[in-house]
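The values are calculated or read from the model by the stated rules, or taken from the named source; none is laboratory data. Just so it is clear, the structure is predicted and the values come from calculations on it, not from any experiment. No Cβ is skipped: glycine too gets one built from the backbone with ideal geometry, and neighbour counts run over all protein chains shown. The area values use the complete protein model at the heavy-atom level, side chains included, leaving out ligands, DNA and RNA. Shrake-Rupley method; radii C 1.70, N 1.55, O 1.52, S 1.80 Å.
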Amino acid sequence: MVRYAAAAVATNPEKTSRARGEYLRTHFKNMREVAAALTGLKLTKAYTYLSDVKDHKRVIPFRRFSGGVGRASQAKEFKATQGRWPEKSVKFILRLLKNAEANADAKNIDVEDLLIKSIVVQQAPKTRRRTYRAHGRINPYQGHPTHVEIILSASDVEVEKVTDAVATTSLAGLNRRQVARRRIEAARA
């Protein structure tokens, strides 16, 4: 069995499903931006978002690898200025999401409340070709494939946060030492 880079993220193996693709012939930089846009989304929302990207209705914001990437007004939705519609990367990640969904279905995990916990994108070894230049020279012509692994998890049951107005107001305006002293005194009492 292969080791996942994000195996530590999957704390509860019964509630998570995984899928991975190796040596995928799509650009690493594009795939990284697609993964960053999808991480944390619900699976159903990710499917609709990716179909909108394929139809050029919504954009993938390019934040890290944004050199030479044109501006797109659709990127305002993500508080960014640059974006693209990387169709090949979207196609590969859709296949992996479908595979991870099938793996979750095989584990009897409810597909409706699946959440994209993590997507790890790593560079695969470059594919080397050559291109012929003027005056009899040859230059490298390399591809930049990727390794991708996806971890989906069933969304945890949300617990209401108890708002204790008395405790927070009495500690307001105090420094750390004073707050610590109050806690110690409260523990003794």
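Eigen-decomposition of the gyration tensor built on the alpha-carbon atoms of the chain gives equivalent ellipsoid semi-axes of 42, 23, 19 angstrom, largest listed first. For the chain, the solvent-accessible area of protein heavy atoms averages 69 Å² per residue (probe radius 1.4 Å; ligands and nucleic acids excluded). I need the shape label for segment 1-55. Rule: rounded when a/c is under 1.5, else prolate if a/b > b/c, else oblate, with a, b, c from the alpha carbon gyration tensor. The shape class here is oblate.
For the chain, the longest principal axis of the C-alpha atoms and the axis of helix 176-188 are separated by about 50°. In sequence order, segment 134-143 has phi-based couplings of 5, 6, x, 8, 10, 10, x, 9, 9, x Hz under the Karplus curve 6.51 cos²θ - 1.76 cosθ + 1.60, θ = phi - 60°, and Gly or Pro positions carry x. Quick one: if the Förster radius is 30 Å, what FRET efficiency do residue 48 and residue 180 give, using the C-beta to C-beta distance and rounding to 0.05? Result of the calculation: an efficiency of 0.05. Ignoring aspartates and glutamates fewer than eight residues from residue 54 along the same chain, the ones with Cα atoms less than 18 angstrom from its Cα are 33, 77, 87. Assuming a ≥ b ≥ c are the square roots of the Cα gyration tensor eigenvalues, decide whether segment 90-189 counts as rounded (a/c under 1.5), prolate (otherwise, with a/b larger than b/c) or oblate. Cα axes put segment 90-189 in the oblate bin.
Using a probe radius of 1.4 angstrom, the carbon and sulfur fraction of the accessible surface of the chain is 50%.
Can you give me the angle between helix 28-38 and the longest principal axis of the chain, using Cα atoms only, in degrees from 0 to 90, rounded to the nearest 10? It works out to around 30 degrees.
What stretch of the chain, leaving out the sites themselves, is the longest with no trypsin sites (Lys or Arg not before Pro) in a DSSP loop having at most 13 other Cβ atoms within 10 Å? It runs 26-56. A straight Cα-to-Cα reach below 30 Å connects residue 57 with the lysines 29, 42, 45, 76, 79, 88, 91, 98, 117, residues fewer than 8 places away in its own chain not being considered.
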